[in-house]
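See structure below.
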Amino acid sequence: MTDLNERRPTPSHDVVYPGREEARLVPLAEYTRRPVSEMRALAASFYAEMNRRRTVRDFSTDPVPRELVELAIRTAGTAPSGAHHQPWHFVVIGDPALKERIREAAEREEFETYQRRMSEEWRTALAPIGTHWVKPHLTDAPWIVVLFKQSYGILPDGTKRKNYYVEESVGIAAGMFITALHHMGLVTLTHTPTPTGFLRELLNRGKNETAVLVLPVGFPHAEATVPDFTRKPLEEITTWHTADDAT
Ligand SMILES: Cc1cc2nc3c(=O)[nH]c(=O)nc-3n(C[C@H](O)[C@H](O)[C@H](O)COP(=O)(O)O)c2cc1C
């Protein structure tokens, strides 16, 4: 077996890399290697399950236990992030009065967007989905989750700490949140009200935070409909360079 210490970079004359002995490393205890047959079955059933996920725009008002939303956020919080700074914050709103205020403010912005800010090209792209500025899901869904990105962190002593790859990290966390909701049988709508400044104000968040997504969480309305979409096939979204291709 290769000694991992031998694989650390050799220090160049002007860059000093930290050595493995300086890092806080522990054994990878939680990993179990499975037989390929089992991996294949797991991967196929997970794909089939995820392929059933749809963005839902018509929500039931049925309640959802808070614990379920907490579990989805815990799952999102396991996402990888630049330098492990975890530059995200989830604000969860179940208070009907606050949901109403968010809806009012969001619809005001959306009205402007749909009436004046949208280009013709954007309007055409949205046409098959049938979205509009009226957002009943913001009051129908039992929970609204607003995901904030933190452009920098604030340490306990008040000093700022730079965050790295914030968009990528928060995007991955959002994906894991959506996946967790779907896996437990809940639905959501990935929504990006633009501009989002009103959310920082309404929800009292710091200057280092910007709302990136508003995700209502709940059950679908009994008569919910979704656009009749297909997904790009594997061949269209993949390019492989395998050992066999080598000339
Ligand atoms: C970053 C992002 C922003 C989105 N913004 C909106 C939105 O503002 N309103 C909306 O109705 N759907 C929004 N969607 C949902 C997409 O329209 C939806 O994912 C897409 O049509 C594919 O449908 P599916 O999720 O059911 O596969 C957004 C999705 C993403 C990833």
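The values are calculated or read from the model by the stated rules, or taken from the named source; none is laboratory data. For clarity, every value in this text was computed on a predicted model and none was experimentally measured. Positions of Cβ are generated from backbone atoms using ideal geometry, with glycine treated the same way; all protein chains shown enter the neighbour counts.
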- prompt: If a residue has to be of a type in the set (Val, Ile, Thr), assigned to a loop (DSSP other than H, G, I, E, B), in contact (Cβ under 8 Å) with a residue 40 or more places away in the chain and more than 16 Å from the ligand (Cβ to nearest atom) to count, how many in the stretch 124-168 make the cut?
  reply: 0
- request: Just name the residue that is farthest from the chain's Cα centre (by Cα) out of those in the stretch 18-76 that are among the hydrophobic types (A, V, I, L, M, F, W, C), closer than 19 Å to THR179 by Cβ and assigned to a loop (DSSP other than H, G, I, E, B).
  value: VAL64
query: Does THR55 meet the test of being among the polar types (S, T, N, Q), surrounded by 11 or more Cβ atoms within 10 Å (Cβ to Cβ) and over 18 Å from VAL226 (Cα atoms)?
result: no
statement: Checked pairs for the stretch 105-123, first under 24 Å from LEU203 (Cβ atoms), second loosely packed, with under 14 Cβ neighbours inside 10 Å and among the acidic types (Asp, Glu), C-beta under 9 Å and 6 or more apart or across chains, list as ALA105/GLU201
- request: Might you let me know whether the stretch 201-212 holds any residue that is over 29 Å from ASN163 (Cα atoms) and in a strand (DSSP E or B)?
  value: no
field: So PRO193, is it assigned to a loop (DSSP other than H, G, I, E, B), within 19 Å of HIS137 (Cβ to Cβ) and within 17 Å of the chain's Cα centre (by Cα)
entry: yes
message: It is to be established whether one or more residues within the stretch 93-110 are part of a strand (DSSP E or B), within 22 Å of the chain's Cα centre (by Cα), of a type in the set (Val, Ile, Thr) and at pLDDT 95 or above.
response: yes
query: Which of the residues spanning the stretch 207-224 are of a type in the set (A, V, I, L, M) and buried (at least 18 other Cβ atoms within 10 Å of the Cβ)?
result: ALA211, VAL212, LEU213, VAL214, LEU215, VAL217
